[in-house]
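Worksheet: the structure to be examined is printed underneath.
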Amino acid sequence: MNHDPNCLFCKIVQGLIPSQKVYEDAEIYAFKDINPAAPVHFLIIPKKHLAMLESAEPVDAPMLGRMMELAPRLAKEQGCRPGQDGGFRLVVNNGADGGQEVYHLHLHVMGGPRPWKK
Ligand code: AMP
Ligand code: ZN
């Protein structure tokens, strides 16, 4: 697996920094956000280091698709209500102008009853 020794989320994937795991498979890891913006807030990340969404290449498309497909399933497992009255928000921040702070691609999954913090 391609890890960046200076990357916070690579350290989380390797268990060098603790996290509250939500899901794991061969290529994807999901864990709770340390500073939740909503009652449910977790991050889905590729295990391999990809700095930003714009670093992704065509070969990464299946993995990106799997992250999107996992999001609703894990959202419900984490307590998001199903259907039109419930739901969740998915966010990918890309680069400084996009508000990205951690340079390892991550999909924010936020949900739960309103109001949220942000
Ligand atoms: P972004 O601004 O999209 O780069 O978001 C980075 C997210 O990572 C923020 O929501 C942080 O709260 C979250 N975060 C930072 N450090 C940790 C950590 N050690 N464990 C879990 N989440 C973290
Ligand atoms: Zn990384």
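The values are calculated or read from the model by the stated rules, or taken from the named source; none is laboratory data. As the structure is a prediction and not an experimental result, all values here were calculated from the model. Counting neighbours? That spans all protein chains shown, and the Cβs are built from the backbone with ideal geometry, glycine included.
Among the residues of the range 66-118, which ones are of a type in the set (Phe, Trp, Tyr) and within 18 Å of Leu8 (Cβ to Cβ)? Correct list: Tyr103 only. Among the conditions (1) away from ligand 1 (no atom under 15 Å from the Cβ); (2) closer than 23 Å to Gly86 by Cβ, the only one that Leu43 does not satisfy is (1). Name the single residue, out of those in the range 80-107 being within 16 Å of ligand 2 (Cβ to nearest atom), within 18 Å of Lys32 (Cβ to Cβ) and not polar (S, T, N, Q), that is surrounded by the fewest Cβ atoms within 10 Å (Cβ to Cβ). Here the residue is Glu101. Only one entry in Met63, Met67 is over 12 Å from the mean Cα position of the chain (by Cα), within 16 Å of ligand 2 (Cβ to nearest atom) and at pLDDT 95 or above, namely Met63. Taking the numbered list (1) within 14 Å of ligand 2 (Cβ to nearest atom); (2) farther than 24 Å from Lys117 by Cβ in turn, Ser19 passes all entries but (2). What is the residue count in the range 8-30 for residues that are away from ligand 1 (no atom under 11 Å from the Cβ), over 24 Å from Gly79 (Cα atoms) and surrounded by 16 or more Cβ atoms within 10 Å (Cβ to Cβ)? The qualifying residues number 1.
Being under 16 Å from Lys47 (Cα atoms), within 11 Å of the chain's Cα centre (by Cα) and within 16 Å of ligand 1 (Cβ to nearest atom) is not true of Met110.
Of all residues in the range 34-54, those being within 16 Å of ligand 2 (Cβ to nearest atom) and surrounded by 13 or more Cβ atoms within 10 Å (Cβ to Cβ) number 11. Does the range 58-79 include one or more residues that are among the small types (Gly, Ala, Ser) and crowded, with 17+ Cβ neighbours inside 10 Å? The answer is yes; a qualifying residue exists.
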